[in-house]
Amino acid sequence: MGSEHSDPADRGKDINKRGQNIQGDRLSDSAGQDPNIEFVQEEIKKRPLNRKKMMRRMMMTAIMAAVFGAVACLFFLLLEPIFNRMLYPKETVTGVSYPEETETEELTPEEMIVNEEEKAATEEQERIREEVEKILQDREQGAEAIRGMVGSLRSTAAEARAFLVDVSAISSDTDWFNDPYETRGTVTGIVIAKTDAEVQVLVYAPEIDSAQSIQVTFADGASVEASIRARDRVSGLAVLSAAIENLDSESKDQIQVAELGTSTQSALAGQLVIAVGRPTGTNGSISYGAVTFASTNLDILDSGLMQITTDIYGSRQASGVLLNTDGLVVGVIDTRHGRQDLPGILCAIGVTEMKPLIEKLSAGGKKSYLGVQCTDVPEDVRERMSIPEGVYLSEVADDSPAMQAGLQKGDVITSMGGEEVHYSTTISRILLEQEAGTEIGVTLMRPSGEGYTEMELTVTLE
């Protein structure tokens, strides 16, 4: 009983003593554990990693670094000029100085001339520069004007297609092997008259009478047979007749009649002309140029026709007509009587002197034949060489009516058929008015010694 009811103070001491024994045993037995105290073992665990908190810290650190860097740059920019002025004081400009000028020597006359020449050269260069600038400024207007002019010429040439035709002279033959073949020579002609059933075509084709058949082709490609209405054997001009009654109305309407202009020297010299037809030998070719001369006697018998020379280069097989800028025919291209000193230059027969011949041929008439080549002598040459007023005979054809009547080279015809003769065109007109077989009186002046002798002769025209 006594042991069960011991003093509480004694029980506390006893408990403390047991705890000290237990702690001592725990410390002394580090290699193993007492199975009786396994329940008092402890395990220390690491605190888990908080990633969100770590990211916030990192961001805060970066922001603070950026703020501190910006503040440092701002202070540097503000304080740098102050430190720079303190370390490197700025120099101030106190004044400028120029080298002392020395008195120039007086210019000699030679030096003054040189200076004047340099001044003139400078002024000339300035003038040229101003002109060039003006040209450059006006270039667009000039280019537009040229385009407009060329466009107008092209339109005029295109309109001429309505009265231009192709004339083909066709001949058939056989070769050495007795095989038949056909030759065709084509030139350009113009329509000079038109009815509902027929058109008349003027063409320069000296050998057209030797063709077995003649074909006329119009601008739209329609072709018809043609025949020679009349031909001048001297000039090589001919008027053809082509029936168009079988053509449809549309083809007939497209055919136009050419209008003839004037080919006098005063009207044509230096003027712009358009060569259409075959100026380069190719159908449909077009050439532009200017008339250089238009009052030269054509070098053929009895003609009284005038030759037009241009600055246009053409083909030896050229054919067609010359147009003025209004689209009027002023000349028929002629390659047979071209200038020997200007090969390749396009020449033509003027229409002014040709008109009476065209009228005669169109009516089916024939020009009578005399057989002389006439030359108009300029007044100053006539006075200087004492040549009588009239028409000078530069050639008399063999076996011609003129030679049979006694006319000679060098004679000057003063009258014919009772009419005074001053120009070769007068003789040509008289021959057109007279019929073949007519006898006509000719008054002439023939060189004799130091002067001229007047003679009266009678010629029978052919």
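No lab work stands behind these numbers, since they all come straight from the coordinates. These figures come from a predicted structure and were not determined experimentally. Here the Cβ positions follow ideal geometry from the backbone for every residue, glycine too, while neighbour counts run over all protein chains shown.
Structure data summary
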| read-out | value |
| --- | --- |
| Residue exposure sequence - Arg382, Arg57 - by fewest surrounding Cβ within 10 Å | Arg57, Arg382 |
| Efficiency of FRET between Glu439 and Lys366 - r from beta-carbon atoms, R0 25 angstrom, step 0.05 | 0.90 |
| Residue-count net charge about Leu301 - beta-carbon cut-off 14 Å; Lys, Arg +1, Asp, Glu -1 | -3 |
| Net length gained if the chain between Ala290 and Met86 were fully extended (0.36 nm per residue, minus Cα distance) | 64.7 nm |
| Packing-based exposure ordering (other Cβ within 10 Å, fewest first) of Phe76, Phe177, Phe218 | Phe177, Phe76, Phe218 |
| Förster radius 56 Å - calculated FRET efficiency between Thr217 and Glu123 (Cβ-Cβ, nearest 0.05) | 0.30 |
| For the stretch 265-362, the fraction of alpha-carbon pairs in successive 5 Å shells from zero, as % | 3, 15, 26, 27, 19, 9, 2 |
| Over the stretch 336-419 - Rg/Rh using Cα atoms and the Kirkwood inverse-distance radius | 1.02 |
| Using distinct alpha-carbon pairs, which all enter the 1/r mean, Kirkwood radius of the stretch 372-460 in Å | 13.2 |
| Pairwise FRET efficiency - Asp380 versus Thr453, Cβ, R0 = 25 Å, nearest 0.05 | 0.55 |
| Electrostatic dipole magnitude of the stretch 252-354 [Cβ: Lys, Arg +1; Asp, Glu -1; Cα centre; debye, to 20] | 300 |
